[in-house]
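Here the structure is laid out as structure tokens; the discussion comes afterwards.
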Amino acid sequence: MWVSKKTDYALRALFTLVDNYGGIPIPIRELARRNDVPKRFLEQIMLDLKTQGWVSSVAGIRGGYILAKSPMKITMGEVVRHFDGILAPIECVSVAGYKRCSQEPVCRFRRVFLDVRNYVAGVMDRSTLADVAKISPVSKQEVAGSFTGGEGI
């Protein structure tokens, strides 16, 4: 699974709004600055988030964006699927983006990708924005982990 810049930026903005949940609206300029996102691109993303009912905007000099829905009611899976469409690593194990492969009847590695899809979808669908906001950021050591020869990881 690989997420687009649009999804990445949407999640950045959403988590800023989660941290501010119940507070005053955050102006688009401030959201862009805090999250290192181009303002013009973020404007499009915020309109999309608004259409989904996840955020709302407040007009005026003290206006900006706030979460329109509880962070307990928005999952990472919903956001990623909305912007990127699918969570499956290959098309032949996707529900929404399924495309038949000529090797399906004999393919041995398809099972592994199906397991990966199911695991990733489960984690993403159980991870609410509120839950994710409570966990600490990942360290560089955690990313490197104990993999040996994991250049492609």
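Quick note: the coordinates plus some simple rules give every number you see, no bench work behind them. If you're wondering where the values come from, they're calculated on a predicted model, not measured in any experiment. Because the Cβ atoms are built from the backbone with ideal geometry, glycine has one as well, and the counts that use them run over all protein chains shown.
Okay, here's what the table says:
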| item | result |
| --- | --- |
| 15 Å beta-carbon shell around LEU31, net charge (K/R +1, D/E -1) | +3 |
| Length gained when the stretch TYR119-LYS73 is fully extended (0.36 nm per residue, less Cα-Cα span) | 14.5 nm |
| Spin-label pair ASP48/ARG100, simplified geometry with 7 Å Cα→Cβ offset, distance in nm | 3.2 nm |
| Distance histogram in 5 Å bins (all Cα pairs of the stretch 12-70, percent per bin) | 5, 21, 35, 28, 11, 0 |
| Under 18 Å between alpha carbons - lysine pairs in the stretch 1-122 that sit 8 or more apart or on different chains | 6 |
| Exposed-site-free run, longest, the chain (rule: trypsin sites (Lys or Arg not before Pro); DSSP loop; at most 15 other C-beta within 10 Å) | 1-61 |
| Rg/Rh ratio calculated on Cα atoms of the chain (Kirkwood radius) | 1.04 |
| At R0 = 30 Å, FRET efficiency that the Cβ-Cβ distance of VAL3 and ARG111 yields, to 0.05 | 0.80 |
| Rg(Cα)/(2.2 N^0.38 Å) for the stretch 81-123, N = residue count | 1.15 |
